[in-house]
């Protein structure tokens, strides 16, 4: 009986380290995979965090372009029909023709109908644009203002006028970053006994921003 108990204890003593080693390998795998996925995104967000914080100090020269043209008669008739029906967006034939004329994508955007005009607001990251169509003459005016690459990247950081696809990417990036941070915390906990400054540095990362918020932000 004593020999069996000794054998069981010996087996358990071997199994536990193996389980811990397997768990550690799993954490390390998730840590490096999540870091690889989120690396470029974290660099982008860190850089744009600096540019956003100093937006007033970074000079930019907005560039405005204006284009004019006239709708073909059949498209004018189509838009007049849409106005009476109260549709929310321009017909695909109209947006396709406008894309060819201006080399700009209008997309299925909601339009504002007035008595004499159709107005479409077309904001985008780092830019603002609008399109106006005169319902009587068929004249089309398109204007776009671009504020440069820094403004473009800043808007990507904020998710401003970027569409649903970019918002989904931000959510997935946030999940990958959370996995990276949490697995990093688990690895810190594992090695904390041999690195005595681990928890003081973690505490500093928590306390420092709290002190700034409490004492210096009014």
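The values are calculated or read from the model by the stated rules, or taken from the named source; none is laboratory data. Predicted model only: the values in this text are computed from it and were never measured. Using ideal geometry, Cβ is built from the backbone for each residue, glycine included, and neighbour counts are taken over all protein chains shown.
In the stretch 119-135, what residues are in contact (Cβ under 8 Å) with a residue 24 or more places away in the chain, within 27 Å of residue 157 (Cβ to Cβ) and in a loop (DSSP other than H, G, I, E, B)?
123, 125, 126
Do you know which residues across the stretch 78-118 are out of contact with any helix residue (DSSP H, G or I) (no Cβ under 8 Å at 6 or more places or on another chain), surrounded by fewer than 18 Cβ atoms within 10 Å (Cβ to Cβ) and assigned to a loop (DSSP other than H, G, I, E, B)?
86, 87, 88, 103, 109, 114, 115, 116
Exactly one of (1) within 30 Å of residue 61 (Cβ to Cβ); (2) crowded, with 17+ Cβ neighbours inside 10 Å is unmet by residue 177. Its number?
(1)
Among (1) exposed (fewer than 12 other Cβ atoms within 10 Å of the Cβ); (2) within 30 Å of residue 115 (Cα to Cα), which single condition is residue 71 missing?
(1)
Name the pairs: first residue in the stretch 47-61 and more than 14 Å from residue 151 (Cβ to Cβ), second residue in a loop (DSSP other than H, G, I, E, B) and modelled with pLDDT under 85, Cβ to Cβ under 6 Å, at least 6 apart or on different chains?
So the pair list comes out empty.
In the stretch 122-174, what residues are surrounded by fewer than 18 Cβ atoms within 10 Å (Cβ to Cβ) and under 22 Å from residue 72 (Cα atoms)?
130, 132, 134, 135, 136, 137, 138, 139, 141, 143
Looking at this structure, is residue 67 at pLDDT 90 or above, closer than 30 Å to residue 135 by Cβ and in contact with a helix residue (DSSP H, G or I) (Cβ under 7 Å, 6 or more places away or on another chain)?
It is true that residue 67 is at pLDDT 90 or above, closer than 30 Å to residue 135 by Cβ and in contact with a helix residue (DSSP H, G or I) (Cβ under 7 Å, 6 or more places away or on another chain).
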